1. For a quick check of your reading of the model, give me the residue pairs whose first member lies in the stretch 124-140 and is over 12 Å from residue 85 (Cα atoms), whose second is part of a strand (DSSP E or B), with beta-carbon atoms closer than 7 Å and at least 6 apart or on different chains.
2. Restricting attention to the stretch 141-161, and to residues there that are over 15 Å from residue 83 (Cβ atoms) and in contact with a strand residue (DSSP E or B) (Cβ under 8 Å, 6 or more places away or on another chain), which single residue is surrounded by the fewest Cβ atoms within 10 Å (Cβ to Cβ)?
3. Somewhere in the stretch 159-176, is a residue outside any helix (DSSP H, G or I) and farther than 30 Å from residue 132 by Cβ?
4. Which members of the stretch 180-197 meet the condition of being outside any strand (DSSP E or B) and surrounded by 10 or more Cβ atoms within 10 Å (Cβ to Cβ)?
5. Go through the residues of the stretch 162-171 one by one and say whether even a single one is surrounded by 10 or more Cβ atoms within 10 Å (Cβ to Cβ), assigned by TED's automatic domain parsing to the domain that holds residue 14 and in contact with a strand residue (DSSP E or B) (Cβ under 6 Å, 6 or more places away or on another chain).
6. Among the residues of the stretch 182-199, are any out of contact with any strand residue (DSSP E or B) (no Cβ under 8 Å at 6 or more places or on another chain) and closer than 30 Å to residue 84 by Cβ?
7. Quick check on residue 200: is it exposed (fewer than 12 other Cβ atoms within 10 Å of the Cβ) and within 23 Å of residue 15 (Cα to Cα)?
8. Based on what the data block shows, is residue 188 in contact with a helix residue (DSSP H, G or I) (Cβ under 8 Å, 6 or more places away or on another chain), touching a residue at least 24 places away in the same chain (Cβ under 8 Å) and not assigned by TED's automatic domain parsing to the domain that holds residue 78?
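The values are calculated or read from the model by the stated rules, or taken from the named source; none is laboratory data. Treat the numbers as computed from the prediction; the structure is a model and nothing was measured. Cβ placement follows ideal geometry from the backbone for every residue including glycine, while neighbour counts extend to all protein chains displayed.
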């Protein structure tokens, strides 16, 4: 399936874009936490049966080490959300707890890496892998495996929650400027002077006027 179908969802597309915008001006260390860039062409060759042959029992730990038969590309938020993310679909009272050996029906898969790999999809829903609450500080400590299935996956209740946690995480990053995407010019703008701030305010004011007009017809 790839990413295209999900990019048609505005929340998903915005979440992906915000990770990209947060990378602009970020330090090398912060950039690695957001998304790993690699030129390695290492295909995922392990089948589901092959993985089961060497898979070891996985403890319910907060951070899990990679297996000996795997190759890692780093630790990053994009990988464990856009590529291998889950959404929780169970009772609200248990949403904030780390899940392990939990029926797969309580999770919805949205990561393109899972949706495009029949073997890993089966592993994620049938093998009771360790499933942890999406916490950026914890996610960036989890190794991304590219030659075998993941030891752990992370979930949020919805994309909005993932966005909120990402924004809180990126707000603590030390960047020399703030940027926004302008959908009208299809460009990235640096907000570093009064003029750029006023243009942003005018754009927001226009959107608010549209919302006010829509509410007039709805209410």
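1. 129/152; 129/153; 130/152; 138/132
2. In the first step, residues of the stretch 141-161 are kept if they are over 15 Å from residue 83 (Cβ atoms); the result is 141, 157-158, 160-161.
Next, only the ones that are in contact with a strand residue (DSSP E or B) (Cβ under 8 Å, 6 or more places away or on another chain) stay: 157-158.
Details: 157: 16, 158: 13.
Residue satisfying both the conditions and the ranking: 158.
3. Pass one, the stretch 159-176, residues outside any helix (DSSP H, G or I): 172-176.
Now drop any that are not farther than 30 Å from residue 132 by Cβ, which leaves 176.
Yes, the stretch 159-176 contains a residue that is outside any helix (DSSP H, G or I) and farther than 30 Å from residue 132 by Cβ.
4. Keep residues of the stretch 180-197 that are outside any strand (DSSP E or B), which gives 183-186, 191-197.
Hits for the stretch 180-197 are 191, 192, 196, 197.
5. For the stretch 162-171, residues surrounded by 10 or more Cβ atoms within 10 Å (Cβ to Cβ), assigned by TED's automatic domain parsing to the domain that holds residue 14 and in contact with a strand residue (DSSP E or B) (Cβ under 6 Å, 6 or more places away or on another chain): present.
6. So in the stretch 182-199, the residues out of contact with any strand residue (DSSP E or B) (no Cβ under 8 Å at 6 or more places or on another chain) come out as 183-186, 192-195, 197-198.
Then drop every residue that is not closer than 30 Å to residue 84 by Cβ, which leaves 183, 186.
Yes, some residue in the stretch 182-199 is out of contact with any strand residue (DSSP E or B) (no Cβ under 8 Å at 6 or more places or on another chain) and closer than 30 Å to residue 84 by Cβ.
7. Details: exposed (fewer than 12 other Cβ atoms within 10 Å of the Cβ): no; within 23 Å of residue 15 (Cα to Cα): yes.
No, not satisfied.
8. Details: in contact with a helix residue (DSSP H, G or I) (Cβ under 8 Å, 6 or more places away or on another chain): yes; touching a residue at least 24 places away in the same chain (Cβ under 8 Å): yes; not assigned by TED's automatic domain parsing to the domain that holds residue 78: yes.
Here the answer is yes, as residue 188 does meet what is asked.
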